[in-house]
Amino acid sequence: MIAHVRGKISEKFNGSIIIDVNGLGYELFVSVVDFDLVNLGESVKFYTYHHVREQSEELFGFSTLSAKKIFEMLISVQGVGPKAALAILSLGNVETVRNAIANSNAGFIQKASGVGKKTADRVLVDLHDKVGLPTKYENSNEIIENNQLNSSDEAVEALMALGYTLADASEALKNIDTDLSIAERVTKALQQ
């Protein structure tokens with residue numbers, strides 16, 4: 001299993017990038033958000049998901065651990081394959097997608113290429129309780145801010161690296177002062 005790839009972007013084309021790792025090129029399929037984020041020649045680290053099928057092997061890349069975790073949750077839903085999960089992650093940054101699922105926003109999920117109403121509804125039913133509380137509550141056309149943490153927060157990422165789920169990491173950090181350093185926040189969360 002390939003957990004991550006670190007190297008330089010040698011090529012970008014059609015939704016995938018090639019990362020040169022000491023002369024060996026790894027092609028990663030990435031979301032539109034990550035594709036737009038990187039430039040040729042730039043040194044990067046991408047977390048990867050190695051998808052093995054009968055006739056092919058594919059690597060899917062993610063700039064953050066939280067994006068990879070959301071991807072893994074998405075592909076656990078019946079009818080959502082890796083390409084559909086990547087299309088959903090391409091709708092916005094990982095926090096926007098997580099918020100849409102937490103708010104049961106089927107219309108947002110349906111905007112993804114190849115995702116219909118039934119699939120969007122299934123994603124919401126299966127994942128609503130697994131992605132944690134929303135950081136923004138959607139109420140009609142109004143968005144109400146909640147004092148929850150962003151899933152791209154480095155403290156959340158650190159707890160996830162220690163085995164916490166996104167929901168558990170968000171919950172553990174919920175009442176901890178965000179002005180503290182990342183290490184202090186993680187330590188306080190682990191002490192609870």
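The values are calculated or read from the model by the stated rules, or taken from the named source; none is laboratory data. Just so it is clear, the model here is predicted, and its values are computed rather than measured. Because the Cβ atoms are built from the backbone with ideal geometry, glycine has one as well, and the counts that use them run over all protein chains shown.
Some observations on this one:
- Unmet criterion (only one of (1) β-branched (V, I, T); (2) exposed (fewer than 13 other Cβ atoms within 10 Å of the Cβ); (3) in contact with an Asp or Glu (Cβ under 6 Å, 6 or more places away or on another chain)) for V52: (3)
- Residue identified as within 12 Å of the chain's Cα centre (by Cα), closer than 20 Å to V33 by Cα and surrounded by fewer than 19 Cβ atoms within 10 Å (Cβ to Cβ) among G92, G81, G107, G114: G92
- Scan the range 16-28 for residues that are surrounded by fewer than 20 Cβ atoms within 10 Å (Cβ to Cβ) and either touching a Leu at 6+ places or on another chain (Cβ under 8 Å) or within 13 Å of F46 (Cα to Cα) (or both) and the total you get is 6.
- Taken together, the residues in the range 111-125 that are of a type in the set (S, T, N, Q) and either in a helix (DSSP H, G or I) or at pLDDT below 85 (or both) amount to 1.
Here is a yes/no grid of residues against (1) of a type in the set (A, V, I, L, M, F, W, C); (2) farther than 30 Å from K118 by Cα:
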| site | (1), (2) |
| --- | --- |
| K8 | no, yes |
| N22 | no, yes |
| L40 | yes, yes |
| H50 | no, no |
| E58 | no, no |
| G61 | no, no |
| S66 | no, no |
| A85 | yes, no |
| L89 | yes, no |
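Conditions (1) farther than 17 Å from S104 by Cα; (2) at pLDDT below 50; (3) of a type in the set (S, T, N, Q), marked per residue:
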position	(1), (2), (3)
L127	no, no, no
E142	no, yes, no
N147	yes, yes, yes
S152	yes, no, yes
E157	yes, no, no
A169	yes, no, no
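- G61 being buried (at least 18 other Cβ atoms within 10 Å of the Cβ) and modelled with pLDDT of 90 or more: yes
- Here V77 fulfils each of the conditions (1) out of contact with any helix residue (DSSP H, G or I) (no Cβ under 6 Å at 6 or more places or on another chain); (2) touching a residue at least 24 places away in the same chain (Cβ under 8 Å) apart from (1).
- Scope the range 161-184; condition surrounded by 15 or more Cβ atoms within 10 Å (Cβ to Cβ) and more than 21 Å from the chain's Cα centre (by Cα); matching residues: I176
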